[in-house]
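Values quoted throughout were computed directly from the atomic coordinates according to the rules given, and no laboratory measurement underlies them. Keep in mind that this is a model prediction, so the values were computed, not measured. We place every Cβ from the backbone using ideal geometry, glycine too, and count neighbours over all the protein chains shown.
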Amino acid sequence: MQVVATKLLIPPARTGTVPRARLTRLLDDNWSHSVVLVTAPAGFGKTTLVGTWLRGFAGRTAWLTIDADDDVPGRFLDYLVTALGAARTLLDSGSGAASTPAVMTALVNELAAADDDLVLAIDDVHLLTEPEILDALTFLVEHCPPRLHLVLLARNEPELPLARWRGRGLLVEIGAAQLRFAAGEAAALLGSVTGRDVDAATVDALNSKAEGWAAALQLLGIGLRDGTAPDAAPSVRYRPGNRYVLDYLADEVLRGQPADVRDFLLQQA
């Protein structure tokens, strides 16, 4: 199978990205665990955070972005083996394709011989539901070579044995509570969006309305830049089953943006 090369690239840094030292320190302090799970709804900055951290990581790094059509064992294994830079012969056994357990065993054995650290980030893991794939990931975590470390990013908890991993000390978790923007981070983001320093009272008001959600802060910052008074901005609250972006934001903010900006912001919603 021919892989899509861009799915194996760390997403590029965006202009105006806000440094989040407290979170990169958290990753620095815990990267030696077998797996770090970063879980939060869309627009909380998961991909930006992990991508920024990986670009500063001293060891080898690998990235894999999951799409909905990757929830097929053979396709997933192709991408996993390619992302890890492992020998392609792992995917073949004699005249036929190797079974998933055979591939994972060979992959773990090959990675166990590595003499340098490797961090693999897998984005959008929540899209993986096929039991054979989940079993493969479970095997990789529970037989993780000492120099391999996994970072899994998901919008909700994936169907993996997280409770067992917690009990065995294999898992470190970063959730929406940690990803919410603190006051200083919100000030930096709003300043980047508006092109000017934003006073502390306005920062606090908009960050409270956004509840620390990065995508909402960016939208509210665009509204502020374009003349919306802070006290006229809506609260943006998450309710299970509902979208984050309110009709107000779509009508008063998104409508006035160029098409590429609208597309980007809607993808974060």
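Among the numbered criteria (1) exposed (fewer than 15 other Cβ atoms within 10 Å of the Cβ); (2) within 23 Å of Val103 (Cα to Cα); (3) touching a helix residue (DSSP H, G or I) at 6+ places or on another chain (Cβ under 7 Å), which single criterion is violated by Gly16?
Tallying (1) exposed (fewer than 15 other Cβ atoms within 10 Å of the Cβ); (2) within 23 Å of Val103 (Cα to Cα); (3) touching a helix residue (DSSP H, G or I) at 6+ places or on another chain (Cβ under 7 Å), Gly16 fails exactly one: (2).
Any residue at all in the stretch 110-118 that is within 22 Å of the chain's Cα centre (by Cα) and not β-branched (Val, Ile, Thr)? Show your work before the answer.
Just the residues of the stretch 110-118 that are within 22 Å of the chain's Cα centre (by Cα), to begin with: 117-118.
Checking the rest, the ones that are also not β-branched (Val, Ile, Thr) come to 117-118.
Yes.
Gly169 is checked against (1) within 20 Å of Pro41 (Cα to Cα); (2) touching a residue at least 60 places away in the same chain (Cβ under 8 Å) and fails just one. What number does that condition carry?
The single condition Gly169 does not satisfy is (1).
So, of the residues in the stretch 100-126 that are in contact with a Gly (Cβ under 7 Å, 6 or more places away or on another chain) and among the charged types (D, E, K, R), which turns out to be farthest from Trp31 (Cα to Cα)?
So the first thing to find is which residues in the stretch 100-126 are in contact with a Gly (Cβ under 7 Å, 6 or more places away or on another chain), and the list is 116-119.
Still in the list and also among the charged types (D, E, K, R): 116-117.
Working: Asp116: 14, Asp117: 10 Å.
Here the answer is Asp116.
Take the stretch 129-147 and flag every residue that is in contact (Cβ under 8 Å) with a residue 12 or more places away in the chain and either buried (at least 22 other Cβ atoms within 10 Å of the Cβ) or assigned to a helix (DSSP H, G or I) (or both).
Looking only at the stretch 129-147, we keep the residues that are in contact (Cβ under 8 Å) with a residue 12 or more places away in the chain, and these are 129-130, 132-147.
Within the stretch 129-147, Glu132, Ile133, Leu134, Asp135, Ala136, Leu137, Thr138, Phe139, Leu140, Val141, Glu142 meet the criteria.
Mind listing whichever residues of the stretch 156-166 are in contact with a Ser or Thr (Cβ under 7 Å, 6 or more places away or on another chain) and without any contact (Cβ under 8 Å) to a residue 24 or more places away in the chain? Steps first, please.
Step one: of the stretch 156-166, the residues in contact with a Ser or Thr (Cβ under 7 Å, 6 or more places away or on another chain) are 156-157, 159-161.
Pro161 - this is the single residue of the stretch 156-166 that is in contact with a Ser or Thr (Cβ under 7 Å, 6 or more places away or on another chain) and without any contact (Cβ under 8 Å) to a residue 24 or more places away in the chain.
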